[in-house]
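First the structure, in the form of structure tokens, and then the observations on it.
The values are calculated or read from the model by the stated rules, or taken from the named source; none is laboratory data. A quick note: this is a predicted structure, and the numbers were derived from the prediction, not measured. Cβ coordinates were reconstructed from backbone atoms using ideal geometry, including for glycine residues, and neighbour counts include every protein chain displayed. In case anyone asks, the SASA skips ligands and DNA or RNA and just uses the protein heavy atoms, side chains included. Shrake-Rupley method; radii C 1.70, N 1.55, O 1.52, S 1.80 Å.
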Amino acid sequence: MKKICVFFACVFFLGFFSCNKKVSMENVAGRWESVRTIKTELLSYPDDKDSVFGYFFMDQTVVYDFGLDGRFTKTLVQKFKKCEFLENCALDEDARGNLEKSIAASDSDYTVSGIYTLSSKKIHFEPETYSFAGETKPFSTAEKNAPFLLSHFGDSKYEVQGEGLMLSDELGNFVEFNLVKKIGANDMVRDTDAGGSSKSFGLINESGMDIVSRFDVPEGFVRNQYSDGSFAEYLRHFPLKDFGSPVLLYDGRKKSGSVHVSVFDMPILNQDLIQCADAVIKIRAEYLYASGLYDQIQFHLTNGLLVPFSKYAEGFRLVPSGNDVEWEDGYKKGCEREVFDSYLKTVYTYAGTLSLSRESKKAELTDIEPGNFFIQGGSPGHVVLVLDVAEESSTGKKIMLLGQSYMPSQDFHILKSFEKISPWYYVEDSELVTPEWRFPKGSLMKF
């Protein structure tokens, strides 16, 4: 009997050890991304599952970085997409609109950093810090300030399937993550200190008031050189708001979430007119106007009509005519600011990503420079502007800074990236993933 007990004790011990032993982190080391839409019930009474009157949908992007050093970061971005109301919904249009606004106000963008350990079936997370709206706090304060984060960091079951990672979410359901890039022994995952700055790279000088003075390049990289008076130099030295400034919408509200590291000091209208393509057009037009290159200021409208600023300077204006527009004479002439602003407002109203993509020229990644842009024309479409470019001396590998406006009309801002060298992006011949858009390979264009 004694021998039998010892035998079973040994079997139990070996079984326990084999089920819980750590495995090589190479199995998961890398950047993994999941993009999906979450559907949630709208209930009249929270405890009554039969009181459903509709559903709301959130677009969710989750990015994990797992390093071979045992550190991880998780970026969780959620943006309101739409509501769908059932026929029995008693809410009127105003109440439905207010509900949608309140849900949209819950848009979020969090980054959590910490330590992870790996067994054969589970990933154990030990979060240390979380970042939101440019501020980093100890994870111990999440219970008070962001309690929903707690449910995202229990032990997670996982399975590696080729270049896919199946990882259980906060509800215990498996979610498929796609491999964005492998992380090697010399790579470090994104990490933040209590001030929100990179531990690995001190790339941000908060006192700097333009791109060159605020954003250093990573070690081994140097900024590409461009001629004085060029569009590239104009962008590099465009004034920035104080570090930490929020992105404001056209009506003065703060943009929800935190996808930016800095904001251009460029006024926008108090109307929902200057969205993504309009902001790129405005910056290009402002450069040409400041340089006295009035004859080069011309843009196509979505209907294909070419609208040169010189026409406005001659006293013509575009006015609505049925479902179209037509030229009308007799207005103020000259190139002064009032005339220029009138011209820009017309372009904002009738141009967009579709017209900008049609009138642009294909650009090569090997020749990328500030002033180029990644664009996907359509409705909706999007565009991000290349603001700076640097190159690694030893390899020729290039990196870039990107900026955007978005919907609704809002301040033009410099984007964070998912790279360890954020806000810099690697220039790669592949799909470009930004916090709010994915651009297909081959989307780089130029004026």
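Here is a yes/no grid of residues against (1) of a type outside the set (A, V, I, L, M); (2) without any contact (Cβ under 8 Å) to a residue 12 or more places away in the chain:
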site	(1), (2)
Pro267	yes, yes
Ala279	no, no
Tyr289	yes, no
Ile297	no, no
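Look at Gly371 and say whether it is crowded, with 18+ Cβ neighbours inside 10 Å, within 29 Å of Asn224 (Cβ to Cβ) and touching a helix residue (DSSP H, G or I) at 6+ places or on another chain (Cβ under 6 Å).
Yes, satisfied.
Give the residues of the range 55-106 that are open to solvent by less than 20 Å² (accessible area, probe 1.4 Å) and touching a residue at least 60 places away in the same chain (Cβ under 8 Å), sorted by residue number.
Those that are open to solvent by less than 20 Å² (accessible area, probe 1.4 Å) and touching a residue at least 60 places away in the same chain (Cβ under 8 Å): Val62, Val63, Tyr64, Asp65, Phe66, Gly67, Phe72, Thr73, Lys74, Thr75, Leu76, Val77.
Output the residues belonging to the range 128-172 that are among the β-branched types (Val, Ile, Thr) and under 25 Å from Lys416 (Cα atoms).
Thr129, Thr136, Thr141 - these are the residues of the range 128-172 that are among the β-branched types (Val, Ile, Thr) and under 25 Å from Lys416 (Cα atoms).
Within the bounds of the range 107-124, is there any residue that is more than 22 Å from Asp169 (Cβ to Cβ), of a type in the set (D, E, K, R) and either surrounded by fewer than 18 Cβ atoms within 10 Å (Cβ to Cβ) or touching a residue at least 40 places away in the same chain (Cβ under 8 Å) (or both)?
No; the residues of the range 107-124 include none that is more than 22 Å from Asp169 (Cβ to Cβ), of a type in the set (D, E, K, R) and either surrounded by fewer than 18 Cβ atoms within 10 Å (Cβ to Cβ) or touching a residue at least 40 places away in the same chain (Cβ under 8 Å) (or both).
Conditions tested, residue by residue: (1) closer than 28 Å to Val261 by Cβ; (2) part of a strand (DSSP E or B); (3) among the hydroxyl-bearing types (Ser, Thr, Tyr); (4) modelled with pLDDT of 85 or more.
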| residue | (1), (2), (3), (4) |
| --- | --- |
| Phe125 | yes, yes, no, yes |
| Glu128 | yes, yes, no, yes |
| Ser131 | yes, yes, yes, no |
| Lys137 | yes, yes, no, no |
| Thr141 | yes, no, yes, yes |
| Leu179 | yes, yes, no, yes |
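Kindly evaluate Tyr343 against the criterion of being in contact with a strand residue (DSSP E or B) (Cβ under 8 Å, 6 or more places away or on another chain), among the hydroxyl-bearing types (Ser, Thr, Tyr) and either open to solvent by 50 Å² or more (accessible area, probe 1.4 Å) or without any contact (Cβ under 8 Å) to a residue 40 or more places away in the chain (or both).
no
Among (1) aliphatic (A, V, I, L, M); (2) under 22 Å from Pro267 (Cβ atoms); (3) outside any loop (DSSP other than H, G, I, E, B); (4) open to solvent by 40 Å² or more (accessible area, probe 1.4 Å), which single condition is Val222 missing?
The single condition Val222 does not satisfy is (2).
Name the residues in the range 134-178 that are surrounded by fewer than 12 Cβ atoms within 10 Å (Cβ to Cβ) and hydroxyl-bearing (Ser, Thr, Tyr), would you?
Within the range 134-178, Ser140, Thr141, Ser151 meet the criteria.
Got at least one residue in the range 262-275 being modelled with pLDDT of 95 or more, among the hydroxyl-bearing types (Ser, Thr, Tyr) and either buried (at least 22 other Cβ atoms within 10 Å of the Cβ) or over 26 Å from Asp228 (Cβ atoms) (or both)?
Yes.
Can you pull out the residues in the range 286-295 that are touching a helix residue (DSSP H, G or I) at 6+ places or on another chain (Cβ under 7 Å) and surrounded by fewer than 16 Cβ atoms within 10 Å (Cβ to Cβ)?
Of all residues in the range 286-295, those touching a helix residue (DSSP H, G or I) at 6+ places or on another chain (Cβ under 7 Å) come to 287-289, 294-295.
Asp295 - this is the single residue of the range 286-295 that is touching a helix residue (DSSP H, G or I) at 6+ places or on another chain (Cβ under 7 Å) and surrounded by fewer than 16 Cβ atoms within 10 Å (Cβ to Cβ).
State whether the residues of the range 226-240 include one that is basic (Lys, Arg), at pLDDT 90 or above and either in contact with a Phe, Trp or Tyr (Cβ under 9 Å, 6 or more places away or on another chain) or not in a loop (DSSP other than H, G, I, E, B) (or both). Let's see the steps before the verdict.
Quick first cut of the range 226-240, residues basic (Lys, Arg) only: 236.
Imposing the further condition that a residue be at pLDDT 90 or above reduces the set to 236.
Keeping just the survivors that are either in contact with a Phe, Trp or Tyr (Cβ under 9 Å, 6 or more places away or on another chain) or not in a loop (DSSP other than H, G, I, E, B) (or both) gives 236.
Among the residues of the range 226-240, at least one is basic (Lys, Arg), at pLDDT 90 or above and either in contact with a Phe, Trp or Tyr (Cβ under 9 Å, 6 or more places away or on another chain) or not in a loop (DSSP other than H, G, I, E, B) (or both), which makes the answer yes.
Looking for something open to solvent by less than 40 Å² (accessible area, probe 1.4 Å), of a type outside the set (A, V, I, L, M, F, W, C) and within 21 Å of the chain's Cα centre (by Cα) - is there at least one such residue anywhere in the range 304-320?
Checked against the condition, which is being open to solvent by less than 40 Å² (accessible area, probe 1.4 Å), of a type outside the set (A, V, I, L, M, F, W, C) and within 21 Å of the chain's Cα centre (by Cα), the range 304-320 yields no hits at all.
Looking at the range 305-341, which of its residues are modelled with pLDDT of 95 or more and in a loop (DSSP other than H, G, I, E, B)?
Answer for the range 305-341, where residues must be modelled with pLDDT of 95 or more and in a loop (DSSP other than H, G, I, E, B): Leu305, Glu314, Gly315, Phe316, Asp329, Gly330, Tyr331, Lys332, Lys333, Gly334, Cys335, Glu336.
Only one of these is under 19 Å from the mean Cα position of the chain (by Cα) and among the aromatic types (Phe, Trp, Tyr): Tyr343, Tyr406, Tyr350. Name it. First the steps, then the outcome.
Details: Tyr343 fails: under 19 Å from the mean Cα position of the chain (by Cα); Tyr350 fails: under 19 Å from the mean Cα position of the chain (by Cα).
Tyr406 is the lone residue from the list that is under 19 Å from the mean Cα position of the chain (by Cα) and among the aromatic types (Phe, Trp, Tyr).
Looking at the range 35-48, can you tell me whether even one residue there is within 18 Å of Val259 (Cβ to Cβ) and loosely packed, with under 15 Cβ neighbours inside 10 Å?
Scanning the range 35-48 turns up at least one residue that is within 18 Å of Val259 (Cβ to Cβ) and loosely packed, with under 15 Cβ neighbours inside 10 Å.
With respect to Arg358, is the statement that it is open to solvent by less than 30 Å² (accessible area, probe 1.4 Å) and of a type in the set (D, E, K, R) true?
Answer is no for this residue.
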